[in-house]
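Here's the structure we're looking at; comments come further down.
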Amino acid sequence: MVASPMRLKRVNIFGFKTFADKTDVHLDGGLVAVVGPNGCGKSNLVDAILWGLGEGSAKQLRAQSGQDVIFNGSAQRKPVGFAEVALTFDNEDGGLPVDTNEVEIRRRINRAGDSKYFI
């Protein structure tokens, strides 16, 4: 039996880089394109997905340290205390050996540098 690729259905972001507010991105369908002008956060969305999947290199995320991915505030907003990314995958085909149609992987880091994963 050939395993089918897992499909990413949803990305939930809070406090990651420029995502100060909770942001939900639904990836319904076969092809998804993220378009927008320079500086609107396209690369930060990709970084959030990479980080949620476990990327450990701050350099790969265009940051100096792990805590640099936490929203650091702006002239209008206070900094947040943690960053969190949740990735929801489709498991309707049973590709993962769990009895559920969706699997969520969540990663969180706080300003002290404590990082946790949740499934």
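The values are calculated or read from the model by the stated rules, or taken from the named source; none is laboratory data. All of these numbers come straight from a predicted model, not from anything done at the bench. A quick note on method: Cβ atoms are made from the backbone with ideal geometry, for glycine too, and the neighbour counts reach across all protein chains shown. Accessible surface areas use protein heavy atoms only, side chains included; no ligands, DNA or RNA. Shrake-Rupley method; radii C 1.70, N 1.55, O 1.52, S 1.80 Å.
Note on the chain: with neighbouring protein chains present and a 1.4 Å probe, carbon and sulfur make up 53 percent of its accessible heavy-atom surface. Pairs of alpha carbons in the chain separated by more than 19 Å make up 50% of all such pairs.
Over the chain, accessible surface divided per residue gives 65 Å², non-protein components excluded, 1.4 Å probe. Once the C-beta distance of L96 and C40 is scaled by a Förster radius of 30 Å, the resulting FRET efficiency is 0.35 to the nearest 0.05. To the nearest 10, the accessible area of R106 is 60 Å² with a 1.4 Å probe.
Taking the C-alpha atoms only, the angle from helix 42-52 to the longest principal axis of the chain is near 60 degrees. Note on surface exposure: K17, K59 rank K59, K17 by accessible area, highest first, 1.4 Å probe. The figure for E104 is an accessible area of roughly 60 square angstrom, using a 1.4 Å probe on the protein chains alone.
In debye to the nearest 20, how big a dipole does the range 1-105 give about its Cα centre with +1 on each Lys and Arg Cβ and -1 on each Asp and Glu Cβ? Walk me through the numbers on the way to the answer.
Numbers: 10 positive and 13 negative charges, 132 e Å.
The dipole magnitude comes to about 640 debye.
Taking every C-alpha pair closer than 8 Å and separated by at least 6 residues, the mean separation divided by the residue count of the chain gives a relative contact order of 28 percent.
Translational diffusion of the range 8-71, estimated by Stokes-Einstein from the Kirkwood radius over alpha carbon pairs at 25 °C in a medium of 0.890 mPa s, is 197 µm² per second.
Over 22 Å between C-alpha atoms is what I'm after, so list which of K59/K116; K22/K42; K42/K116; K17/K59 land there.
On the way: K59/K116 20 Å; K22/K42 16 Å; K42/K116 25 Å; K17/K59 14 Å.
Violating the 22 Å Cα-Cα cut-off are K42/K116.
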